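Read the structure below first, then the notes.
The values are calculated or read from the model by the stated rules, or taken from the named source; none is laboratory data. Remember, predicted model here, so these are calculated numbers, not experimental data. Because the Cβ atoms are built from the backbone with ideal geometry, glycine has one as well, and the counts that use them run over all protein chains shown. Heads up: the accessible areas ignore ligands, DNA and RNA and are worked out on the full protein's heavy atoms, side chains in. Shrake-Rupley method; radii C 1.70, N 1.55, O 1.52, S 1.80 Å.
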Amino acid sequence: MKPSAETLIHCEIYRLTGCGAVFHVHTVFNNLISEFFGADGHVPIQGIELIKAFNIWEENAEIRVPVLPNFADIPSIAELVPGVLDANVPGILLRNHGIYAWGKDAFEAKRHLEAFEFLFEVMYRQLLLKGATK
């Protein structure tokens, strides 16, 4: 058995957050959203109810999900992780690749992952409705 090529990214997240689990998946919506907002370096999400999944309860709350460039050299990506972590946002997108979501245990990491995926799908569909272009 060989570890994933992206193990260094996982290790940085564990080291910096002290989390108990990191999940990494590749889905259509996280790829589309990461590509659309990739040049901005983050995905701005505001006013969507499910932000509460991250224990953020303000009215019209806003989060920014970091988007890292997808370099072929994994150590170069891992070096960027410390500069983008936000204690309130347990996730990082790798542009046009996938998301890393974490939590204190596997249950919380899965809950965060599901929340991010819901938020990305809502954002994608809102952009379609608005005819968004950059």
Residue 51 fails exactly one of the following numbered conditions: (1) part of a helix (DSSP H, G or I); (2) of a type in the set (A, V, I, L, M, F, W, C); (3) out of contact with any Gly (no Cβ under 7 Å at 6 or more places or on another chain); (4) under 18 Å from residue 13 (Cα atoms). What is the number of that condition?
(4)
Return the residues of the stretch 94-134 that are small (Gly, Ala, Ser) and not in a helix (DSSP H, G or I); say none if nothing qualifies.
98, 101, 103, 131, 132
Top-ranked residue in the stretch 1-46 [being part of a loop (DSSP other than H, G, I, E, B) and modelled with pLDDT under 95; ranked as most open to solvent (accessible area, probe 1.4 Å)]
1
Taking residue 100, is it of a type in the set (Ser, Thr, Tyr), modelled with pLDDT of 95 or more and either open to solvent by less than 20 Å² (accessible area, probe 1.4 Å) or within 11 Å of the chain's Cα centre (by Cα) (or both)?
yes
Pairs, please: C-beta under 6 Å, at least 6 apart or cross-chain, first residue more than 19 Å from residue 51 (Cβ to Cβ) and touching a residue at least 12 places away in the same chain (Cβ under 8 Å) and in the stretch 91-113, second aliphatic (A, V, I, L, M) and open to solvent by 40 Å² or more (accessible area, probe 1.4 Å)?
98/25
Residue 76, sole failed condition from (1) among the polar types (S, T, N, Q); (2) open to solvent by less than 70 Å² (accessible area, probe 1.4 Å); (3) part of a loop (DSSP other than H, G, I, E, B)
(3)
